[in-house]
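Step one of this worksheet: look at the structure below.
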Amino acid sequence: MSTKTSSALNAPSSGFNGLSPLLSMLSSLRYPALGITSLLAAWWFGGYLVANDPDMWAFANFAPAPTFHALYGLVASGAIWPTVLSSLYRILYGLFWGIVIGVPVGVLIGYVGSAMKIANVPFQFLRMISPLAWMPIAVLAFPTWDSAIIFLIVMAAVWPIIFSTAHGVRRIDPNWFKVARNLGASELHMLRRIIMPAIMSDVLAGIRLAVGVAWVVLVPAEYLGVTSGLGYAINDARDTLSYDTLAAIVVVIGLIGYGLDSICSLLIKRFNWHVE
Amino acid sequence: MSTKTSSALNAPSSGFNGLSPLLSMLSSLRYPALGITSLLAAWWFGGYLVANDPDMWAFANFAPAPTFHALYGLVASGAIWPTVLSSLYRILYGLFWGIVIGVPVGVLIGYVGSAMKIANVPFQFLRMISPLAWMPIAVLAFPTWDSAIIFLIVMAAVWPIIFSTAHGVRRIDPNWFKVARNLGASELHMLRRIIMPAIMSDVLAGIRLAVGVAWVVLVPAEYLGVTSGLGYAINDARDTLSYDTLAAIVVVIGLIGYGLDSICSLLIKRFNWHVE
Amino acid sequence: MGASLSIDYVTHRFSPSAEPTLKDIDARIEPGQMTALIGRSGCGKSTLLHMLAGLLIPSEGCVRVNGHQISSPSAKWNMMFQKASLYPWMTVQENAALGLLFAGHSKREATRQVDALLDMVGLHDKKKENVQSLSGGQQQRVALARSLATNPEVLLLDEPFSALDAFTRSALQEEVPAICRERGITMVIVTHDIDEAITMADRVLVMSQNPGRIVSELPVKLPWPRRHMDVGFQTLRDELMQQFKGTDTGLSGRDAQSSQPADSKAESAA
Amino acid sequence: MGASLSIDYVTHRFSPSAEPTLKDIDARIEPGQMTALIGRSGCGKSTLLHMLAGLLIPSEGCVRVNGHQISSPSAKWNMMFQKASLYPWMTVQENAALGLLFAGHSKREATRQVDALLDMVGLHDKKKENVQSLSGGQQQRVALARSLATNPEVLLLDEPFSALDAFTRSALQEEVPAICRERGITMVIVTHDIDEAITMADRVLVMSQNPGRIVSELPVKLPWPRRHMDVGFQTLRDELMQQFKGTDTGLSGRDAQSSQPADSKAESAA
Amino acid sequence: QPPADEVVRIGYLPITDATVLLVAHAKGFFEEEGLKTEPPTLIRGWSPLVEGFAAGRFNLVHFLKPIPIWMRYNNNFPVKIMSWAHLNGSGLVVGRHTDAKSFADLGGKQVAVPYWYSMHNIVLQMGLRHAGLTPVIKSQSETLAPNEVNLQIMPPPDMPPALAARKIDAFIVAEPFNAVGEMLAGGKMLRFTGDIWRNHPCCVVCMNENQVNANPVWTQKVMNAIVKAQIYSQQNKKEVAHLLSRDGKGYLPMAANVVEQAMTLYDQESYADPNAIQNANWGSGRIDFQPWPFPSATRLIVNELKQTLVGGDTTFLQDLDPDFVVDDLVDYRFVKAAMDKHPGWKDAPGFDADNPFDREEVVKL
Ligand SMILES: Nc1ncnc2c1ncn2[C@@H]1O[C@H](COP(=O)(O)OP(=O)(O)OP(=O)(O)O)[C@@H](O)[C@H]1O
Ligand SMILES: Nc1ncnc2c1ncn2[C@@H]1O[C@H](COP(=O)(O)OP(=O)(O)OP(=O)(O)O)[C@@H](O)[C@H]1O
Ligand SMILES: [Mg+2]
Ligand SMILES: [Mg+2]
């Protein structure tokens, strides 16, 4: 999405430039390339600093070169795939439940004032509980480790979704409700035709945040009785001081997260009704 | 905040009911009371289930009765205060930096299209990094344990703020930009007079989420060389399997979090320009 | 068939401590009658219309439709708002068809029905477009089609043609009452245009401001369609203009600076 | 002092593949001149005004102010939008004073200056109120005050009085040109009201639709203030009405259903 | 004021393995040697402790014995083992739902270990292999063959509830989590590790080689204090337990009675069924303290590590020569000098007056 103002002003003319599609695609990659380059540069520089510090050189493995070497090793040996799959499964399952619970609850507390008042105190308490504090409960309450981990992910990921959704509902133009009632909308119509389309981009923004939170929680969650997954691999890498592997796993998580986020972005574009 | 529709329809008449202020205050506590009661009931029931399981009865200490007993002990002995203070200090400090970094960055990527494109990839990678994966870096890069912990909190709390802010900027009515430019607003005016007031409630919604994330991260962050704090106390409780203390600390975190959240809510009300 | 409306001693304050915006409004409207409401900007016309639509509950008094007090909106008494408030995620057609969808019609049936109305308001070539790309007047016409489509018993129009050019406006000033007469719809139109009031209504209510009251009422007993140049039309216009002028000098006395030139102009226009 | 405006062969398409919305618009406006732009709803009046304000870049041709091509908005050429677009977190006063604040005036000074304007538009008792509680016409008047306050060289008004009652409107139809004359502001007003065009402008441009073109131009050489009943006024009105009618039958032929009754009505009005 | 790196900076985990470091601090042994100390820093988890040590935050730490092997030979970090921290001190606890009486009964079961590179994992796998079972690392959903034992890594605090909720069938861990597992989760001690491998090392005291070389005098003083603490701890287990606990100086978060049971309860009546103490004649305690880093034990560990199943990449281990490690990894000079100065260590279990600095490793499975 481009600047509001410049798009409002110049969008019509931008279609007329003489660039071939390929060239314009390349030039649209300019910005991401700049971003990636800066990240790599900062990363490399961090590694360089550490490598040249007499006390800390042992940690210099997290620099880009060893990391990509380790990443290559992980991919080439195929060791990464089961790891990725099992974590992805947990994340997606957790997000699924986060959405299934979070969106309706968010709409409810955004729309119905009393629901909001009832839920406020319990939600404030629940959402501040660290996954590490939930762990004993998860261990006691769930039959399998996987379900305990998914529970931890849900307990962390559901809040951004609930809050974003509720915030979106509260920001809906009150006139839109009036007009709909006035046209005879039932509560169901209101939900399907007015509220859902109106808040879609907020829900997706919440899900985007939830994706990040889910990955963040995955690492402590995979302390629990599992022997595969990216969080487990990170714990393992730290245990063996293999900071190259650790950084490689972080890169993998970043790539997957980026993929999930891109899906959300696409959906936001799809459901965004603001004219650009 | 009450239902949009009911407020739009009935707000004018609601001021005229005959209840005395005291009575109406009491009746406004009805909903929170219901919420708290349900939470306590669910909690009590969970404890009851565990206590009646022949295998797990020994872990039933997290139930309300032992918890409040432990809480009383913590408060009566005064042991809780230094714990609360040191964590609160870290959280507030972390939130402070989260806001100081997050709001400008969020405005920038929401407002300037190219900034968004540049930052997207690096941000997607950075935000998925678990505090546990950051830990080695934090230990290396920061001179004190406290600053390492605050770094971990910032790295987790900054994302909801950035994303909420950027989302808010992107949702600003394009006409508002047009009108402002048309009236001769400089970029600085735009920021101060248009963007900031327009996104205030989004920023605060982001901060509300960040408060939750900060508490969640506090527990693993206080793995690191500190000897006080609520996260530290939770870790202690876990090490000793004193689930009553663990639950009591969770209650304390909930209370403080609720307090912080209420401040945000008040500010949201203060800065919300939607007519109710 | 149309419904009867009854406004029973309605007084409204937006906050308990404020001066009343509307005061002791009392009026009855027969089924199928077409009533115009005129008055100065800010006198409370939209507020009164919101009450008739069940979108606002008066702080005193009540509003009845067919004798039943109304307290909530319904598709039976439809209001077209002063601001178009279209849904930006829907096309023109979808916006216009919304009321029919809510009433349980299939998408196809609803589309078919609104197509005729969209043709009538001159938007045949904009049906599939996003409403955000419409001009101000086009948006207003979509809102009009949307209100007409629900086929309500009571139709409340809040300055429905304010963004239209003279020709489009003039066409619709004829079409809309024709539709209402045909279907027996009770119509209330708020307008700031005295000619429009006379062209479209069976009677005209004049509101004063601070507080908003109904200060006079004029039946319009002219044949349809009404011609601006007819003598009856002109007489009525003069009479209304006098009434209207009275709302300012007599009752508020506040709007002095703007009312002074208005008087002189209006006189010359009359 | 006012600036000169020059529209040089402007053609505009909202998307490269679409039919042009504006086609070959070419016109020059002298400093201090007051120009009215009339045309059917949706013909492109607002689009053209956006270009004059620097808020939209034409896909072909260009717009010049005092000979310099403009490509961005500026406080020197101010546009009052068709939709009021007030900032909901500000009071009436703050909204109106915004342009002055941007121009570097102190808050006190800005407030003092807009107070007079707010009095003029009849909002003296609403100054401290939130703009969301204003009626449609009141909001429009705030926007007008905001535009006037910046004291621009060029003032672009997009149907500025559409939500106002006859009296308020009539007062402002006199006040606004008076201010422009006094300060030498170049004014362009878009309106759907032929009387308004004649009352306020030195010349009237008539636009056709599909595509939007300027089809005719009429100088208005009447003394100020203008009276609707004057003979010169009536002649001009009849002439414009004919031109206006031509924009439909001659060039688009699409709006048939709505234009038919419009013609008959307009004729009777003329 | 001594330079910053001469202040003794201890990092520790809140487990009984840290006893000697904490006792040396609590009892002022460092100060007796003329050293300045900072209060020991509590860290949760081996990884942050290793990172803190490698980043120079600490100059005196305790590590599980395999960790320095890993750091020195996989990461080339100049770590040196200065002495042992304690002997024995761990056990294998089985859930009451399993009825397991010996290693052989663990076929098809889930067993949790605290850390792949730990004595616990090594001893557990020695036992499993001896019983003809194969340790595997599989996901929970995969079915296990009757002769397979699935291993998983788990933070010690989660082990007792996991055992109670029957998610795992057994765990092997250091004290006091065994004691907690017995008391709260109805677990049974299947076998003490010290009853399998006589007086095995568990944690070791480590320092940075550069620091040692740069500051031999300082190092000697530190080691003197450590040896004194070893002797004191071995002779006053009960008092030390109280001292470390929350009720004493609060180095550990546990209550005194838990720490006490974890350090002292070691009799055959209490642990008859299953028979957790089969070699009572060894004279070991539940935990014992003895500083000398017997080379034979290091050799055994390196050899065993090579056959121990762990979750990471262990290629570097295969080329590791145990005899080289014995001399390269451990610094015997300072501990020897300290032991010569403070002979109280001779009371330690398994002391052989004829050959005090060599021993034969005894493993009875
Ligand atoms: N952003 C846009 N994208 C596509 N089409 C647009 C856009 N904005 C306006 N249009 C189309 O351009 C034409 C002219 O619109 P414009 O708003 O200029 O009309 P107008 O003359 O101001 O009409 P009105 O009197 O109803 O306000 C309309 O048909 C409209 O649908
Ligand atoms: N929500 C509100 N809160 C407070 N005051 C309000 C609110 N809505 C309207 N008002 C005030 O009530 C008065 C009547 O408003 P209303 O919108 O009914 O006027 P109107 O007759 O429709 O005017 P116009 O012709 O300008 O649309 C105005 O002075 C307005 O400021
Ligand atoms: Mg109104
Ligand atoms: Mg327009």
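For A:F125, the accessible surface of its heavy atoms amounts to roughly 30 Å² (probe 1.4 Å, protein chains only, rounded to the nearest 10).
Based on DSSP H segments of at least four residues, each scored -39500 (n - 2.57), the protein assembly as shown has a per-residue ellipticity at 222 nm of -16500 deg cm²/dmol.
In a DSSP loop and with at most 11 other Cβ atoms within 10 Å, the GluC sites (Glu not before Pro) in the stretch E:276-365 are E:E360. Note: relative contact order over chain C, using C-alpha pairs below 8 Å and six or more positions apart, is 24 percent.
Other residues within the sphere of radius under 11 Å centred on the Cβ of B:P136, judged by their own Cβ, net out at 0 (K and R +1, D and E -1). A:D173 label point (Cα plus 7 Å toward Cβ) to equivalent points in the other copies: 0.8 nm, shortest first.
Per residue, the solvent-accessible area of the stretch D:77-151 (1.4 Å probe, heavy atoms of protein chains only, all protein chains present) comes to 34 Å². With respect to chain D, whose longest principal axis is taken over its alpha-carbon atoms, helix D:231-246 is tilted by about 60°. Could you tell me which trypsin sites (Lys or Arg not before Pro) in the stretch D:127-207 are loop residues by DSSP with no more than 10 other beta carbons within 10 angstrom of their beta carbon? Here the sparse-neighbourhood loop sites are D:K128. The angle separating the long axis of helix D:107-120 from the principal Cα axis of greatest extent in chain D is about 50 degrees. Between C:D8 and C:H228, the C-beta separation translates, for a Förster distance of 30 Å, into a calculated FRET efficiency of about 0.25. Could you calculate the FRET efficiency of D:S72 with E:R333 from 1/(1 + (r/R0)^6), where r is the beta carbon distance between them and R0 is 60 Å, rounded to 0.05? E between D:S72 and E:R333, to the nearest 0.05, is 0.15.
Partner lysines whose Cα lies under 25 Å from the Cα of E:K364, excluding those fewer than 8 positions away in the same chain, are identified as E:K65, E:K101, E:K109, E:K188, E:K306, E:K346. Length gained on full extension, E:A280 to E:E38: 83.1 nm, using 0.36 nm per residue less the C-alpha separation. Counting only residues at least eight positions apart within a chain, or on another chain, the lysines with an alpha carbon under 18 Å from that of C:K76 are A:K178. Here the spin labels are modelled as points 7 Å beyond Cα on the Cα-Cβ line, and at E:D354 and E:H97 they lie 5.2 nm apart. Shortest first, B:T227 label-point distances to identical copies amount to 4.0 nm, with the label point at 7 Å from Cα along Cα→Cβ. Distance between the modelled labels on E:Q318 and B:T37, one decimal in nanometres: 6.8 nm (7 Å Cα→Cβ projection). Take the alpha carbon gyration tensor of chain A, find the square roots of its eigenvalues, order them as a ≥ b ≥ c, and report rounded if a/c is under 1.5; if not, report prolate when a/b exceeds b/c, else oblate. Here chain A falls in the oblate category. In the assembled protein chains, B:Y111 presents an accessible area of approximately 20 Å² (probe radius 1.4 Å).
Using the 7 Å Cα-to-Cβ label point, sort the distances from D:G232 to its equivalents in the other copies shortest first and give them in nm to one decimal. So the distances to the same position in the other copies read 3.7 nm. Across the stretch C:6-22, rounded Karplus estimates of 3J(HN,Hα) from the backbone phi angles (6.51 cos²θ - 1.76 cosθ + 1.60, θ = phi - 60°) give 9, 9, 9, 6, 7, 10, 9, 10, 6, 9, x, 8, 6, 4, x, 7, 10 Hz, Gly and Pro being marked x. Helix screen, chain A: DSSP H segments with Cα axial length of 27 Å or more and mean Kyte-Doolittle hydropathy at least 0.5 are A:30-51, A:80-111, A:145-170, A:196-221, A:243-271.
For the chain pair A and B, the interface hides roughly 7500 square angstrom of accessible area in total, found with a 1.4 Å probe. Only protein heavy atoms count here; under a 1.4 Å probe, B:L22 has an accessible surface of about 120 Å².
When a/c reaches 1.5 or more, the comparison of a/b and b/c decides; with that in mind, is the protein assembly as shown rounded, prolate or oblate per its Cα gyration tensor? In terms of gyration-tensor shape, prolate. Temperature 4 °C, viscosity 1.567 mPa s: under these conditions the Stokes-Einstein estimate for the stretch C:77-151, based on its Kirkwood radius over C-alpha pairs, is 109 µm² per second. Based on alpha-carbon atoms, the Kirkwood radius and the radius of gyration of the stretch A:190-276 give Rg/Rh equal to 1.17. For chain E, the convex hull drawn through the C-alpha positions has a volume of 124 cubic angstrom per residue. Would you mind classifying the stretch E:91-182 by shape? Square roots of the alpha carbon gyration tensor eigenvalues, ordered a ≥ b ≥ c; an a/c under 1.5 is rounded, otherwise it is prolate if a/b is larger than b/c and oblate if not. Taking the square roots of the gyration eigenvalues as a ≥ b ≥ c, the stretch E:91-182 is rounded. Ranking B:H167, B:H189 by solvent-accessible area of protein heavy atoms (1.4 Å probe, all protein chains present), from largest to smallest, gives B:H189, B:H167. Distance to the D-onto-C rotation axis is smallest for one chain D Cβ; residue and value in angstrom are D:S162, 2. Estimated at 0.36 nm per residue, the fully extended path between D:S133 and D:R183 surpasses their Cα-Cα distance by 14.7 nm. Label-to-label distance, A:I263 versus A:F96, with points set 7 angstrom from Cα along the beta-carbon direction: 1.1 nm. Note on surface exposure: E:T264, D:T111, A:T240 rank E:T264, D:T111, A:T240 by accessible area, highest first, 1.4 Å probe.
The values are calculated or read from the model by the stated rules, or taken from the named source; none is laboratory data. Everything quoted here is computed from the prediction, not taken from an experiment. For neighbour counting, all protein chains shown are included, and Cβ atoms are generated from backbone atoms with ideal geometry for every residue, glycine included. Please note that ligands, DNA and RNA were not included when accessible areas were found on the heavy atoms of the full protein model with its side chains. Shrake-Rupley method; radii C 1.70, N 1.55, O 1.52, S 1.80 Å.
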